[in-house]
Structures are given as C-alpha cells and as structure tokens.
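Structure first, commentary second.
The values are calculated or read from the model by the stated rules, or taken from the named source; none is laboratory data. As the structure is a computational prediction, the values presented were derived from the model and not from experiment. Note: ideal-geometry Cβ built from the backbone for every residue, glycine included; neighbour counts use all protein chains shown. The accessibility values were calculated without ligands, DNA or RNA, using every heavy atom of the protein model including side chains. Shrake-Rupley method; radii C 1.70, N 1.55, O 1.52, S 1.80 Å.
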Amino acid sequence: MKHLKMLGLAVVAAAALMAFVGAGTASATKLCKDSACAEDYPAETEIKSSLSGSAILETIGGVTLDTCSGGEVNGKTPATEGEPLSGNISALTWEGCTRTTDTTVNGSLAIKRVLVENENKELVPNGNGTVTGSGSSVTVNGIFGTSCVYGTGTNTPLGTLVGGNPATITINALVPRTVANALCPAETRWTASYTVTSPKPLFIG
C-alpha cells in the first residue's frame with residue numbers, strides 16, 4: 001500500500017510538471033497575424049520598420065544633440081515563440097541627420113507580450129508588446145566637437161510595439177554613453193516612432 005501511495009504521488013507530480021511545461025510553451029510571446037493570435041508567423045519572419053517623423057537624441061536636460069529624418073530598424077526572429085521573443089538586428093540605419101550618425105554594432109531586440117485583465121479576471125494578451133534592446137552601438141560625430149558613442153547594454157527598455165495593420169513601434173529610451181569621453185553626456189534620451197512595413201498586419205500574442 002505504501003508503495004502504491006508513493007507511485008500515485010509520483011504520477012500526480014509528473015502530471016503537474018507536464019501541465020506546467022505545457023502552460024509555459026502556450027504562454028510564450030508570438031508574432032501573430034490577428035489580434036486573437038489564431039494564426040502566428042513562422043520562424044525566420046523578418047520585421048521591417050521605417051522611421052515616421054524624426055528620431056531625436058537629446059540630453060536629459062532637453063538639449064537636442066542629433067535629429068534624423070529617416071532610417072530603418074530590421075531584424076529576424078529565429079524561433080516562432082519565446083519569452084521574450086528575441087532576434088538579431090539586421091539593419092539599424094540613420095538618414096537625414098543633423099550630425100553624421102553611424103551604427104557600428106547592430107545588436108539585438110526582444111519583444112515581450114503585454115498582458116491585461118479581461119472580464120473573467122484572467123490575464124490575456126492585448127496585441128501589444130514591450131521592446132528591449134541589447135548590444136547596439138551608435139556613433140554620433142560632432143557633439144561638442146567630439147564623437148560620442150551611445151548604445152544599449154543588456155535588455156535596455158526601449159518602448160512599445162502596438163499591434164495593428166500596420167503595427168507601430170514607439171521608442172522613448174534612456175541610452176547610456178558606452179565609450180568613455182568626458183565631453184559626451186553620460187546619458188541621453190532617444191525618442192522615435194517607427195511604422196512596421198513588414199509583416200502586415202502584426203500583433204503580439
């Protein structure tokens with residue numbers, strides 16, 4: 001009887017573990033074709049986004065250091081899902097800038113779905129996601145007569161991806177100086193808005 005009881009407990013524990021694993025897989029972030037996430041995009045889907053308006057780099061005190069009127073942020077997701085869902089940046093470009101601006105290291109981006117409470121008090125995705133960046137490096141020339149290098153460390157909060165057709169990415173991020181230079185502000189703010197040109201539609205589920 002004792003052995004049977006122990007076997008029963010083991011079966012219950014195994015079932016609970018399988019349920020947990022299954023729940024973890026089901027709750028991972030995905031790129032979806034609709035707000036309900038009835039159909040998701042496959043692995044190796046390339047997200048392409050184009051700057052809308054201006055990208056502005058400024059000091060914490062509000063002094064504008066650089067303004068760009070064009071550019072792209074592109075990258076692929078190697079998996080169909082993840083928590084968060086991350087991928088390397090294939091292009092991080094700047095155009096029409098008031099100062100010469102060059103990306104030296106593309107880095108990576110990660111998206112994590114946003115959960116909201118529904119009428120049944122359950123947490124469900126709302127089609128949007130938070131965006132973080134890691135390992136990017138951008139050089140801006142001519143700031144206070146010198147070149148300043150700014151970038152993302154590990155999981156730097158960047159902004160929000162709002163699902164739709166098209167989806168949009170809003171950036172409002174504190175970006176630190178990554179190469180020591182006393183003439184460069186130690187921390188800056190990067191603000192920008194990007195329109196996702198592919199895939200369309202795009203929702204985070």
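Treating each Cα of the range 22-120 as an identical point scatterer and ignoring solvent, apply the Debye formula and state log10 I(q)/I(0) at q = 0.10, 0.12, 0.21 Å⁻¹.
Log10 I(q)/I(0), no solvent term: -0.41, -0.56, -1.07.
What percent do you get for the relative contact order of the range 143-205 when only Cα pairs under 8 Å and 6+ apart count?
Reported as a whole number, the value is 37 percent.
I want to verify a result. In a Gaussian network model of the chain, Cα cutoff 10 Å, which of these has the top mean-square fluctuation: Val179, Val116, Val140?
Of Val179, Val116, Val140, the most mobile in the Gaussian network model is Val116.
What net charge is computed for the residues neighbouring Phe144, neighbours being all others with C-beta under 14 Å from the C-beta of Phe144, Lys and Arg scored +1, Asp and Glu -1?
With Lys, Arg at +1 and Asp, Glu at -1, the neighbours total 0.
Limiting things to C-alpha atoms, what are the Rg and the maximum Cα-Cα separation (Dmax) for the range 106-154, in angstroms?
For the range 106-154, the Cα radius of gyration and maximum Cα-Cα distance read 18.1, 58 Å.
Take the Cβ-Cβ distance between Ser108 and Asn141 as r, set R0 to 30 Å, and report the resulting FRET efficiency rounded to the nearest 0.05.
The computed FRET efficiency comes out at 0.75.
Show me the three semi-axes of the equivalent ellipsoid for the chain, from the C-alpha gyration tensor (sqrt of 5 times each eigenvalue), largest first, rounded to whole Å.
41, 20, 14
Label Asn155 and Asn118 with points 7 Å out from Cα along Cα→Cβ: what is the distance between them in nm?
Each label point is offset 7 Å from its Cα along the Cβ direction, giving 2.8 nm.
To the nearest 10 degrees, how steeply does helix 2-26 sit against the main Cα axis of the chain, on a 0 to 90 scale?
30
Explain nothing, just compute: Karplus ³J(HN,Hα) = 6.51 cos²θ - 1.76 cosθ + 1.60, θ = phi - 60°, for every residue of the range 181-198 in order, whole Hz, x for Gly and Pro.
Once θ is set to phi - 60°, the couplings for the range 181-198 become 6, 5, 7, 9, x, 5, 8, 10, 10, 10, 10, 6, 9, 10, 9, 6, 8, 7 Hz.
Over the chain, calculate the relative contact order: mean separation of alpha carbon pairs under 8 Å at least 6 apart, over the residue count, as a percent.
Relative contact order comes out at 22 percent.
Which entries in Lys33/Lys121; Lys121/Lys200; Lys112/Lys200 show an alpha-carbon gap greater than 29 Å?
Too far apart for the 29 Å limit: Lys121/Lys200.
Roughly how many whole Å is it from the C-alpha centroid of the range 149-205 to that of the range 66-124?
Taking the Cα centre of each part, the range 149-205 and the range 66-124 sit 7 Å apart.
Among the chymotrypsin sites (Phe, Trp or Tyr not before Pro) within the range 115-194, which fall in a DSSP loop and have no more than 16 other Cβ atoms within 10 Å of their own Cβ?
Filter output for the range 115-194: Phe144.
Pull out the extension gain between Glu83 and Thr100, defined as 0.36 nm times the separation in residues minus the alpha carbon to alpha carbon distance; nm, one decimal.
Full extension of this stretch gives 2.5 nm more.
Given a 1.4 Å probe, how much area per residue of the chain is accessible, in Å²?
Value for the chain: 53 Å² per residue.
Name the long-range amide H neighbours of Asn128: under 5 Å, sequence gap of 5 or more, or other chain; modelled H, no Pro or chain starts.
Val114, Gly163, Ile204
Using label points projected 7 Å from each Cα along Cα→Cβ, tell me how many nm separate Asn165 and Ser50, to one decimal.
1.9
At a 1.4 Å probe radius, carbon and sulfur cover how many percent of the accessible area of the chain?
59
Do any GluC sites (Glu not before Pro) in the range 25-130 lie in a loop, going by DSSP, with at most 16 other beta-carbon atoms within 10 Å of their beta carbon, and if so which?
Listed in order of number, the matching sites are Glu39, Glu44, Glu119, Glu122.
How big is the range 143-205 along each principal axis, measuring the range of its Cα positions in Å and listing the largest first?
45, 23, 14
Using 0.36 nm per residue of separation minus the Cα-Cα distance, give me the extension gain between Asn181 and Ala43 in nm, one decimal.
So the chain would gain 45.6 nm between Asn181 and Ala43.
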